[in-house]
Amino acid sequence: GAGVSQSPSNKVTEKGKDVELRCDPISGHTALYWYRQSLGQGLEFLIYFQGNSAPDKSGLPSDRFSAERTGGSVSTLTIQRTQQEDSAVYLCASSPRQGRGNTIYFGEGSWLTVV
Amino acid sequence: KQEVTQIPAALSVPEGENLVLNCSFTDSAIYNLQWFRQDPGKGLTSLLLIQSSQREQTSGRLNASLDKSSGRSTLYIAASQPGDSATYLCAVRNAGNMLTFGGGTRLMVKP
């Protein structure tokens with residue numbers, strides 16, 4: 001596609017439910033990132049994929065959070081048993097390959113509200 | 001651990017002014033530094049990417065400089081316009097391919 005695509009763009013869920021957020025990176029981009037941005041806060045790193053593997057999962061805030069990537073393309077971020085503090089915008093980004101000089105491109109984000 | 005700081009946190013200027021946004025980072029062993037723009041309710045748009053070996057990059061009215069040894073970057077916006085109003089974020093890339101972001105500068109340009 002032309003850019004990084006994320007879905008859903010908005011999601012309201014009840015506390016305790018599971019949610020899945022999807023990211024379609026730019027075609028051919030092998031590196032994929034998930035970040036979280038709470039209201040009025042900076043960007044918090046969650047996880048990074050190179051191809052289908054995740055060399056850095058250090059940012060996942062708890063074991064309720066997991067992510068996978070299949071076929072070196074689409075990635076899914078899953079939050080189990082959602083809590084109100086999970087409310088944030090979840091941003092996905094991709095870049096062409098694991099080169100040092102590559103620009104990173106962001107999607108529009110998935111806005112999650114846990115009520 | 002890399003830490004990125006942006007000053008000021010918020011800035012309001014009249015239209016037409018030239019302005020400078022500042023970004024500092026604690027670990028100078030970076031691969032590159034990228035400036036982004038974020039409009040309310042939107043994702044991030046890449047503005048400029050400076051490699052660690054470069055001193056500056058220019059795009060239109062924007063000029064970004066990098067002084068790696070002192071851990072600083074500036075984003076210069078010439079002849080500001082109301083459409084420049086947004087949050088500006090800088091991010092540095094270290095080993096491991098991770099981007100570390102600053103907290104951003106919220107810019108308002110008044111007509």
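The values are calculated or read from the model by the stated rules, or taken from the named source; none is laboratory data. What you see is a predicted model; the values in this text were computed from it and never measured. Backbone-built Cβ (ideal geometry, glycine too); neighbour counts: all protein chains shown. What goes into the accessible areas is simple: the full protein's heavy atoms, side chains included, and nothing from ligands, DNA or RNA. Shrake-Rupley method; radii C 1.70, N 1.55, O 1.52, S 1.80 Å.
Can you say whether A:Gly28 is surrounded by fewer than 17 Cβ atoms within 10 Å (Cβ to Cβ), of a type in the set (Gly, Ala, Ser) and within 13 Å of the chain's Cα centre (by Cα), as far as the supplied structure shows? When the stated conditions are applied, A:Gly28 does not pass them. Only one of the listed residues (B:Asp84, B:Asp27, B:Asp39) is buried (at least 16 other Cβ atoms within 10 Å of the Cβ) and of a type in the set (Asp, Glu). That residue is B:Asp84. Checking each residue in the stretch B:87-110 for being hydrophobic (A, V, I, L, M, F, W, C), open to solvent by 40 Å² or more (accessible area, probe 1.4 Å) and more than 10 Å from chain A (Cβ to nearest Cβ) picks out only B:Met108. Remark: pairs (first residue in the stretch B:44-56, more than 8 Å from chain A (Cβ to nearest Cβ) and assigned to a strand (DSSP E or B); second residue surrounded by 15 or more Cβ atoms within 10 Å (Cβ to Cβ) and of a type in the set (Lys, Arg); Cβ separation under 7 Å; 6+ apart in sequence or on different chains) = B:Leu47/B:Arg37.
Here's the yes/no breakdown for (1) on the phi < 0 side of the Ramachandran plot; (2) of a type in the set (D, E, K, R):
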| residue | (1), (2) |
| --- | --- |
| B:Leu21 | yes, no |
| B:Thr26 | yes, no |
| B:Gly43 | yes, no |
| B:Ser73 | yes, no |
| B:Ala79 | no, no |
| B:Asp84 | yes, yes |
| B:Asn94 | yes, no |
| B:Met98 | yes, no |
| B:Gly104 | no, no |
